[in-house]
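Reviewing the structure listed below.
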Amino acid sequence: EAGVVQSPRYKIIEKKQPVAFWCNPISGHNTLYWYRQNLGQGPELLIRYENEEAVDDSQLPKDRFSAERLKGVDSTLKIQPAELGDSAVYLCASGHRGSYEQYFGPGTRLTVT
Amino acid sequence: GQQVMQIPQYQHVQEGEDFTTYCNSSTTLSNIQWYKQRPGGHPVFLIQLVKSGEVKKQKRLTFQFGEAKKNSSLHITATQTTDVGTYFCAGRSSVSGSARQLTFGSGTQLTVLP
């Protein structure tokens with residue numbers, strides 16, 4: 001079974017530039033999560049999808065962050081414009097609805113200069 | 001909001017020594033999960049505990065959920081170099097309305113010296 005795929009793996013941008021991250025969850029997983037992990041910290045949930053519906057986006061900074069999961073499969077997380085404090089690893093995870101296990105992707109390491 | 005704290009932040013042990021990390025929540029949890037993240041890797045699910053006072057074992061790893069469902073621990077017996085990584089607990093609040101959101105602790109980074 002293929003795991004969660006994320007791209008790009010690394011991204012370096014200047015502040016005020018836009019950036020987008022892509023996630024392809026494990027086939028058949030209804031639930032998709034985006035997390036942000038700062039250095040030395042645990043992952044923090046940004047948004048959770050059940051199929052194409054965002055059911056928990058309370059932690060998403062909506063002034064600059066947006067996400068979509070149009071067909072209930074792949075998802076994109078966007079930041080526009082990026083700030084220095086956005087430097088972190090952005091993790092995507094997926095799981096079956098009703099299951100407690102989350103399977104994480106390798107993450108995208110974002111550096112904002 | 002819910003806070004999950006882990007101690008210690010770092011632990012260096014000699015190979016063969018035991019290791020324990022502790023997790024405490026500011027609120028009662030419906031369940032708690034443990035993850036391991038190798039250096040440069042991503043979190044990998046280890047186990048979930050649901051019942052008050054529950055104890056589960058996976059080979060050399062023993063996981064415990066407190067009676068009040070506000071704390072948990074992970075104990076590794078006779079550490080090996082393959083145990084190196086950061087261990088995170090993640091608690092799910094028992095308060096309705098936030099049933100599926102996990103709050104991760106800040107992790108304990110384990111170094112095993114050969």
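The values are calculated or read from the model by the stated rules, or taken from the named source; none is laboratory data. What you see is a predicted model; the values in this text were computed from it and never measured. Methodologically, a virtual Cβ is constructed for each residue, glycine included, from the backbone with ideal geometry; neighbour enumeration extends over all protein chains shown.
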Inset, instruction - Restricting attention to region B:32-62, report how many residues are closer than 17 Å to B:LEU110 by Cα and either away from chain A (no Cβ under 14 Å) or acidic (Asp, Glu) (or both). - result: 3
Inset, instruction - Inspect region B:20-31 for any residue being in contact with a His (Cβ under 7 Å, 6 or more places away or on another chain), away from chain A (no Cβ under 13 Å) and either surrounded by 15 or more Cβ atoms within 10 Å (Cβ to Cβ) or more than 19 Å from A:GLU101 (Cβ to Cβ) (or both) and give the result as yes or no. - result: yes
Legend entry - region B:26-44, residues that are at pLDDT below 95, assigned to a strand (DSSP E or B) and among the polar types (S, T, N, Q): B:SER30, B:ASN31
Inset, instruction - Determine whether region B:45-63 contains at least one residue that is at pLDDT below 95 and charged (D, E, K, R). - result: no
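Looking only at region A:74-87, filter to residues that are surrounded by fewer than 17 Cβ atoms within 10 Å (Cβ to Cβ) and under 14 Å from the mean Cα position of the chain (by Cα); which one of those is farthest from A:GLU14 (Cα to Cα)? Can you show your working first?
Filtering region A:74-87 down to residues surrounded by fewer than 17 Cβ atoms within 10 Å (Cβ to Cβ) leaves A:74, A:76, A:78, A:80-81, A:83-85.
Going one step further and asking which of them are under 14 Å from the mean Cα position of the chain (by Cα), we end up with A:74, A:76, A:78.
Working: A:ASP74: 26, A:THR76: 20, A:LYS78: 15 Å.
My answer is A:ASP74.
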Inset, instruction - Count, please, the residues in region A:1-18 that happen to be outside any loop (DSSP other than H, G, I, E, B), closer than 14 Å to A:THR113 by Cα and of a type outside the set (Ser, Thr, Tyr). - result: 3
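Can you go through A:LEU84, A:LEU91 and tell me which one is under 25 Å from B:TYR35 (Cβ atoms) and aliphatic (A, V, I, L, M)? Step through it out loud before you land on a result.
Working: A:LEU84 fails: under 25 Å from B:TYR35 (Cβ atoms).
So the residue among A:LEU84, A:LEU91 that is under 25 Å from B:TYR35 (Cβ atoms) and aliphatic (A, V, I, L, M) is A:LEU91.
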Inset, instruction - Return a yes/no flag: does region A:48-62 have any residue that is modelled with pLDDT of 95 or more and surrounded by fewer than 22 Cβ atoms within 10 Å (Cβ to Cβ). - result: no
Legend entry - Elements of type strands (runs of 3 or more DSSP E) contained in region B:51-102, each with 3 or more residues being touching a residue at least 40 places away in the same chain (Cβ under 8 Å) and in contact with a Ser or Thr (Cβ under 7 Å, 6 or more places away or on another chain): B:71-76, B:85-93
Inset, instruction - Report, by residue number, each residue of region B:1-19 that is of a type outside the set (A, V, I, L, M, F, W, C), surrounded by fewer than 18 Cβ atoms within 10 Å (Cβ to Cβ), assigned to a strand (DSSP E or B) and within 13 Å of chain A (Cβ to nearest Cβ). - result: B:TYR10
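So is A:ALA67 without any contact (Cβ under 8 Å) to a residue 60 or more places away in the chain, closer than 25 Å to B:ILE32 by Cβ and among the aliphatic types (A, V, I, L, M) or not? Spell out the reasoning first.
Numbers: without any contact (Cβ under 8 Å) to a residue 60 or more places away in the chain: yes; closer than 25 Å to B:ILE32 by Cβ: no; among the aliphatic types (A, V, I, L, M): yes.
No.
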Legend entry - Only listed residue being without any contact (Cβ under 8 Å) to a residue 24 or more places away in the chain, out of contact with any helix residue (DSSP H, G or I) (no Cβ under 6 Å at 6 or more places or on another chain) and either within 13 Å of chain B (Cβ to nearest Cβ) or within 16 Å of A:TYR35 (Cβ to Cβ) (or both), chosen from A:SER87, A:SER94, A:SER58: A:SER58
